[in-house]
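Quick note: the coordinates plus some simple rules give every number you see, no bench work behind them. Bear in mind the structure is a predicted one, so any value in this text is a computation, not a measurement. Every residue, glycine as well, gets a Cβ built from its backbone with ideal geometry; the counts of neighbours run over all protein chains shown.
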């Protein structure tokens, strides 16, 4: 029996979409106003979904206090009120699109969460990131027998 | 396969407590949720049914049936109740959102006339929700 628990978090960050592999003109064409060299920002909403068996008698999949602490330490403190291109190590060599940010956040969270929940076989199921209220991105690693929606 | 989802809301109170734990352990593990007088939430339930589209009606199922089922099986049982004390399923089991999702699945799944229950999602707050797929 697997239950999926999702918690939402918020952080605000700036970024500029620009690839050194493209010419200045190509960067403007591909990224449009997101290529503005002065950067711009978003209020990101992060959804973290963990999957596991429900521990009884606590009735919980995972300790929410521990989840909050791990997300705060690994993600929020790293990215909140930062320039993703200039203030973080994660985007020295890759463009801080929300797609890449999703995958980075998954990589940051998976080891500590799955170690903390190891005795219950806890898995980080997915990371979903809303860049604005109109667009969102979701990273779900390929796993056999994964759920559809 | 098409998935149709119906939402319903209920408000209830609960607290978390395990009689096998000492008072100290209960406070440490469950934090402010251990307050024995209870606290409450506005819960939102999403029931998702999977099925094929009926050629004659163009529908997977009559969503009114799902609405009535949610009302009879879930809302009438849990709305404006103290879950620990007034819902038998939680007499000896903590009414965590995880356990509530599994309980709602168990209440609804056998009663569906058409389609199969695919997912129960329960929001405890807009920032915290649980999904259960029946296995």
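Mean partner shielding of peptide A:5-13, defined as the number of other chain Cβ atoms within 10 Å of each residue Cβ, is 3. The convex hull built on the alpha-carbon positions of chain B has an orientation-averaged projected area of 8.7 nm². On a 0 to 90 degree scale, rounded to 10, what angle separates helix A:98-116 from the longest Cα axis of chain A? Around 30 degrees separate the two axes.
Computed over region A:3-139, the range of Cα coordinates on each principal axis works out to 60, 28, 23 Å, biggest value leading. Among B:96, B:44, A:6, a tally of other beta-carbon atoms within 10 Å of each Cβ gives an order, fewest to most, of B:44, A:6, B:96.
Between 0 and 90 degrees, the angle of helix B:97-108 with respect to the longest Cα principal axis of chain B falls at about 40 degrees.
For the residues of A:52-63, the average number of beta carbons from a partner chain within 10 Å of their own beta carbon is 6. Using only alpha carbons, the protein assembly as shown has a radius of gyration to Kirkwood radius ratio (Rg to Rh) of 1.03. If I model a spin label at residue A:132 and residue B:114 as a point 7 Å from the Cα along the Cα→Cβ vector, what separation in nanometres do I get? Those two pseudo-labels are separated by 4.0 nm.
Once Rg and the Kirkwood radius are both taken over the C-alpha atoms of region A:2-49, their ratio Rg/Rh works out to 1.23.
Residues A:142, B:62, A:125, arranged from fewest to most other Cβ atoms within 10 angstrom of their Cβ, appear as A:142, B:62, A:125.
Extending 7 Å from the Cα toward the beta-carbon at both residue B:127 and residue A:107 defines two label points whose distance is 2.8 nm.
What ranking do A:42, B:14 get, fewest neighbouring Cβ atoms within 10 angstrom at the top?
Final ranking by Cβ density, sparse to dense: A:42, B:14.
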